[in-house]
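K.L.:
Please read through the structure below; I'll follow up with questions.
The values are calculated or read from the model by the stated rules, or taken from the named source; none is laboratory data. These numbers were taken from a predicted model, which means no experiment stands behind them. As a convention, Cβ positions derive from the backbone with ideal geometry for all residues, glycine included, and neighbour counts pool all protein chains shown. We work out accessible area using only protein heavy atoms, side chains counted, and drop any ligands, DNA or RNA first. Shrake-Rupley method; radii C 1.70, N 1.55, O 1.52, S 1.80 Å.
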Number of protein chains: 2
Amino acid sequence: MARIFLLCCALLLALPAVTAAAEEVLLTSKERFSMPSYTTVGGRTIKSLQVGWESYGKLNQAKDNVILITHYFSANSHAAGKYHPDDAAPGYWDAIIGPGKAIDTDQYFVISVDSLANLNANDPNVITTGPASINPDTGKPYGLDFPVVTIKDFVNVQKAVLESLGISKLHAVIGPSMGSMQALEWAASYPDWVQRMISVIGTGDSDAWTTAALEQWAIPIRLDKNWQDGNYYDSEPPVDGLAAALMLITQQALHPLYFNQQGEKLNYHPLETGPLSSIRKSHSIVTWLTNRARSRAEKMDANHLLYLVRACQLFLAGNGDSLAQTMQSVKAKTLFLPASNDLLLMPYMAQKAHEALQKRGKDSRYEELSGSLGHFDGVVSIKQKADAIEAFLKY
Amino acid sequence: MARIFLLCCALLLALPAVTAAAEEVLLTSKERFSMPSYTTVGGRTIKSLQVGWESYGKLNQAKDNVILITHYFSANSHAAGKYHPDDAAPGYWDAIIGPGKAIDTDQYFVISVDSLANLNANDPNVITTGPASINPDTGKPYGLDFPVVTIKDFVNVQKAVLESLGISKLHAVIGPSMGSMQALEWAASYPDWVQRMISVIGTGDSDAWTTAALEQWAIPIRLDKNWQDGNYYDSEPPVDGLAAALMLITQQALHPLYFNQQGEKLNYHPLETGPLSSIRKSHSIVTWLTNRARSRAEKMDANHLLYLVRACQLFLAGNGDSLAQTMQSVKAKTLFLPASNDLLLMPYMAQKAHEALQKRGKDSRYEELSGSLGHFDGVVSIKQKADAIEAFLKY
C-alpha cells in the first residue's frame, strides 16, 4: 500500500523520483495517537480524535533534539524512510531527512503527524479524523457536520502528540506549502516552544488571491451530482469532482517549463486529430492529466479536500489581526525558502512574512529554490538547499 | 442591452472603466453577415452561418485602409464606440480606436466580426452561430452536434465578411488574447492579405500547459448536472458550471496585485467569522468573485464556452507542424505586446512566436505592457502602448 501511495506521489505525477540511499534504508512505521476530546479554534468539540504519526531517529534524554516536519496538502506524515525495505520509494523529503543528511536522524528525533481531515483518508497508511470519520454521537460519518478546522488546530493536535511523548521544545519546525503554514503558526502561537522555523514554498497568511484560488479547488467537488451536500458515504462518491479538483491542483503546483516537457514526451500537438474531429475527445496532455488525477483520487476523500481548502483559506499565522501584529511574538530564528517559479504560492508571499519579521527586529533569512517544477520544487528539488538547511539547524 | 453588457465588462469585474472621449462619441451598430454554407477546417459543413460585425471609420475608394480587430474570448465585435450616445461605456478598446486615436478612424476603416460560437450567445448585441443555434436539418439547437471550430475558421469567416465588402487587403490585423491568435493566424494563413499584425497579450500556439489550463475552464460545465451532455436548451441551463468556469477565467486573467487591492476594498480577512463557523459559508472575496461570475453568465451559453475552449486548444498559427515551419510564410511586419504580469498567456509565449519570426529574418518587434491587472492589462491598460501602435501602423 505504501508502495502504491508513493507511486502516486512520484510516478503518477511523473516527477523525478526521490532516490533512496542505496547504502542504508531508514525504516519507520505509522503510530496512532488518540484524544478523547478536542476543542477547535472555532469552539466546536471533536470526540475520539485520532491521528497518525511517524518518527525517524531517537529522542534524547533531555528531549531537546526534536524536529517537527509539517506536511503539505496532499501528503501525510510519511516524510522520509520506508515502511518496508522493498517499498518503491521513500517519504517525500527523504532527500534531506535521514542518517547523515541535512536533517540528520543520527542527531535529531524527527517527527511528523497526519493532519486532521487528511486528504488521503482512504489510504491504510493514513490515520486521520475528518468528515469521513464516524461521528460517535450518530454512528455515521460526519459529512459536513464535521466542524471547520484550521491550521492552528493541526498545530494544537501536533502539540498534544508531542506532549504525550514528554516533549516541550522544538529544535526546529519545518514544512513545505501547507506545512509552511503550520510551521509559522507554531512559531507565532507557541513561541516558547520553537527555536527555529523553516518555511518552504510557504506563506504567512492566505491573501485574497490565495483564498479565491483555493476556492477553485473546492468548486468542482460541489458541482458533482454524487457529492450530495457531502452525504455520499452510502453511495457513489464524487470521483469526477474530486479528480477535477486534483487536475487543477496539479497544474497550479507545476510550471509551464515542466508541463511542456511532459507534452513533448506525449508528442502533444495542438492540432491532434481526436479533439479536432470531436468535441467529446481530448488532447493527449489532457488525457494524461485526467488519468493521473483519477488514480490519485482513489485513496482520497472529497469532503476532506473541502475541509483542507477551508483550513488553508482561514490561515493567518498567529490567528490575529495582521501578520504585522502576530509576527511580534515570534522568538524562533526563521528561514524562508520559496521557489522562484512557484505559481501557486508565489515568492512575494514568503517575502511578506520574512519582511514582517525583519521589521520587528527578528532573525530571519530568505533564499529561493530554483527549478522547472514551480511550487513542487519545494518537495522534489529540496536537496539543493540541503546545506542551507543543515547550517541553519546548527545556527 | 449594450449598456448592460458593458457594465459586465467594466463594472462587474470592477476594472477601471474605459473613459469615453467627452468631446466626441463614436457611434456604431451591429451588422449581420450570412453565408448559406461554410466548411470547417475539420471538414464539416455549417449551413446558414450568421455572424455580426461592426465598423468604425470609412472604407476608402481603394479599399486599402482596412484594419481588422479580432476579439478576445469573452468579448464580441464591439471593440470601440457606442450604439447609443447614452451607453454606459464604449467598446473594450475605445481608448485606442476612434477619431485621432492610435487606430485613427479618420484615416482607417476599422472592422471587427463576432466569433463563431461567441460566448455571449444570449446578448442581443451579438450575432453568432454555434451549438446554441438552430440546426437547419433538425429544427433544434445543435448542442454537441455542432462541429468543432478552430481559430482558422474564425479567420475564414472574417475573410468572407471582408470579401463581401470588396476588401482583399488588410493594412493591419490587431487583437488581444484569443484575438491575437486570430491575428497571427491571418498573417500565417493569408500572408498576401496582411501588411501588419499586432498581437496583444498573445501567443503563436497553444502549448501543453495552455491546452491543459483551458481544459480546466471546460470541466465545471461538464460536471453540472444540468448540462446533460449539452442538451439543456429545453430545460434549466448549467448556470452553476458556467459561473464556476467564469470564476476560474476571471482569476487567471488577473494578477494577485489587483486581486488583493479588491480584497482590501472588501475588508477581506483570512479569519472571517462566517467561513470559520461553517463549511457552507464563504469568504468575502469568494462571494465577490461568485456574484460577478453569475451576473456575467446571464448572457452566455455554456456549450459555446466549451467550443471556444476547444478552438483555442487547437491553435497553431498557420495550422502546420510547428511554429518554426508556419512562421516562414508570414509577410506582415509584426509587433508583439504581451503583459509583463500576465499569468494566463505568459510573456514567454509571445516571445516564442516573435523569435520564430526573427529567426526567419522577418521584421518583428516586441514590447511589454506593464500593470497590476495581469492578462487583462492587454484590454484595460492598452492606452500605454497607443504611441507604439500608432507608429507601427505608419511604419
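K.L.:
Kirkwood Rh over alpha-carbon pairs of the protein assembly as shown, then Stokes-Einstein at 25 °C and 0.890 mPa s: what D in µm² s⁻¹, rounded to an integer?
P.N.:
Rounded to a whole number, D works out at 89 µm²/s.
K.L.:
If the only charges are +1 at each Lys and Arg Cβ and -1 at each Asp and Glu Cβ, what is the size of the charge dipole of the protein assembly as shown around the Cα centre, to the nearest 20 debye?
P.N.:
220 debye
K.L.:
Now for a separate question. Go through the stretch A:324-330 residue by residue and turn each phi into a ³J(HN,Hα) via Karplus (6.51, -1.76, 1.60, θ = phi - 60°); whole Hz please, and just put x for glycine and proline.
P.N.:
Running phi through 6.51 cos²θ - 1.76 cosθ + 1.60 with θ = phi - 60° gives 4, 6, 6, 5, 4, 7, 5 Hz.
K.L.:
What quantity of accessible surface, computed with a 1.4 Å probe and excluding non-protein components, is buried in total between chains B and A, in Å² to the nearest 100? Don't skip to the end; give the middle numbers.
P.N.:
Values: alone 16210 and 16210 Å², together 27320 Å².
Looking at B and A, the buried total is near 5100 Å².
K.L.:
A follow-up question, please. Roughly what % of DSSP beta bridges within chain A run antiparallel, to the nearest 5?
P.N.:
Counting only bridges with both partners in chain A, antiparallel ones make up about 40 percent.
K.L.:
Of B:Y268, B:L116, B:I151, whose Cα points farthest to the positive end of the dipole of chain B (charges on the beta-carbon: +1 Lys, Arg; -1 Asp, Glu; origin at the Cα centre)?
P.N.:
B:I151
K.L.:
For chain B, what class follows from the C-alpha gyration tensor (a ≥ b ≥ c being the square roots of its eigenvalues): rounded when a/c is under 1.5, otherwise prolate if a/b is larger than b/c, else oblate?
P.N.:
Here chain B falls in the rounded category.
K.L.:
Counting only residues 5 or more places away or on other chains, whose amide H sits under 5 Å from the amide H of B:F315 once H atoms are built in the peptide plane?
P.N.:
Long-range HN contacts for B:F315: B:S206.
K.L.:
Let me ask you something else. Quick check for me: using +1 on Lys/Arg Cβ and -1 on Asp/Glu Cβ, what's the dipole size of the stretch A:111-162 about its Cα centre, in debye to the nearest 20?
P.N.:
On the way: 3 positive and 5 negative charges, 24 e Å.
The dipole magnitude comes to about 120 debye.
K.L.:
Hey, another quick one. Per the helix-only calculation at 222 nm, which mean residue ellipticity applies to chain B, given -39500 (n - 2.57) for every DSSP H run of n ≥ 4 and division by its residues, nearest 500 deg cm²/dmol?
P.N.:
Only helices count here, giving -10000 deg cm²/dmol.
K.L.:
Can you pull the percent of the stretch B:98-166's accessible area that's carbon plus sulfur, 1.4 Å probe, other chains left in place? Show your work: numbers first, answer last.
P.N.:
Values: 840 of 1990 Å².
Roughly 42 percent of what the probe reaches on the stretch B:98-166 is carbon or sulfur.
K.L.:
So, one more: State the answer as a single residue: which of A:Y348, B:Y142, A:S168 lies farthest towards the positive end of the charge dipole of the protein assembly as shown, with beta carbon charges of +1 for Lys and Arg and -1 for Asp and Glu, about the Cα centre.
P.N.:
Result: A:Y348, furthest along the dipole toward the positive end.
K.L.:
Modelling each spin label as a point 7 Å along the Cα-to-Cβ direction, I'd like the A:S164/B:S372 distance in nm, to one decimal.
P.N.:
That separation, rounded to one decimal, is 4.8 nm.
K.L.:
Let me ask another. Would you work out which of A:T210, A:S329, A:S282 lies farthest towards the positive end of the dipole of chain A? Charges go on Cβ: Lys and Arg +1, Asp and Glu -1.
P.N.:
Positive-most Cα among the choices belongs to A:S329.
K.L.:
So which residues of the stretch A:309-350 lose at least 50 Å² of accessible area, probe 1.4 Å, when you go from the chain by itself to every protein chain present?
P.N.:
Those residues are A:R310, A:L314.
K.L.:
Another question, then. Dipole size in debye (nearest 20) for chain B around its Cα centre, Lys and Arg Cβ +1, Asp and Glu Cβ -1?
P.N.:
Taking the Cα centre of chain B as origin, the dipole is about 300 debye.
K.L.:
Scan around A:N135 for amide H atoms under 5 Å from its own, H built in the peptide plane at 1.01 Å from N, and keep only partners 5 or more places away or cross-chain.
P.N.:
For A:N135, the qualifying residues are A:K140, A:Y142.
K.L.:
Then there is this: Counting only the heavy atoms of the protein chains, how much of A:E185 is accessible to a 1.4 Å probe, in Å² to the nearest 10?
P.N.:
Result for A:E185: roughly 0 Å² accessible.
K.L.:
Expressed as a whole percentage, what fraction of the accessible surface of the stretch A:307-393 belongs to carbon and sulfur atoms when a 1.4 Å probe is rolled over the protein heavy atoms?
P.N.:
Its accessible area is 45 percent carbon and sulfur atoms.
K.L.:
May I pose another question? Using a Gaussian network model on chain B with a 10 Å cutoff between Cα atoms, which of B:V25, B:V161, B:V149 fluctuates the most?
P.N.:
Judging by the Gaussian network model, the answer is B:V25.
K.L.:
Another question, then. Once each part is reduced to its C-alpha centroid, what is the distance from the stretch A:279-358 to the stretch A:146-169 in angstrom?
P.N.:
20 Å
K.L.:
Hey, rough spin-label estimate for B:R294 and A:Q351, points 7 angstrom out along Cα→Cβ, what's it come to in nanometres?
P.N.:
It is 3.7 nm.
K.L.:
Same structure again: Just list whichever of A:K140/A:K299; B:K63/B:K331; B:K101/B:K331; B:K82/B:K225; A:K63/A:K140; A:K101/A:K333 have alpha carbons separated by over 30 Å in the model shown. All intermediate terms of the calculation are to be shown ahead of the outcome.
P.N.:
Numbers: A:K140/A:K299 20 Å; B:K63/B:K331 20 Å; B:K101/B:K331 26 Å; B:K82/B:K225 38 Å; A:K63/A:K140 40 Å; A:K101/A:K333 21 Å.
Exceeds cut-off: B:K82/B:K225; A:K63/A:K140.
K.L.:
Let me ask something additional. If you count only protein heavy atoms with a 1.4 Å probe, what accessible area per residue comes out for chain B, rounded to a whole Å²?
P.N.:
About 35 Å² of surface per residue is accessible.
K.L.:
How high is the FRET efficiency between A:A391 and B:D387 when r is their beta carbon distance and R₀ equals 45 Å, given to the nearest 0.05?
P.N.:
0.30
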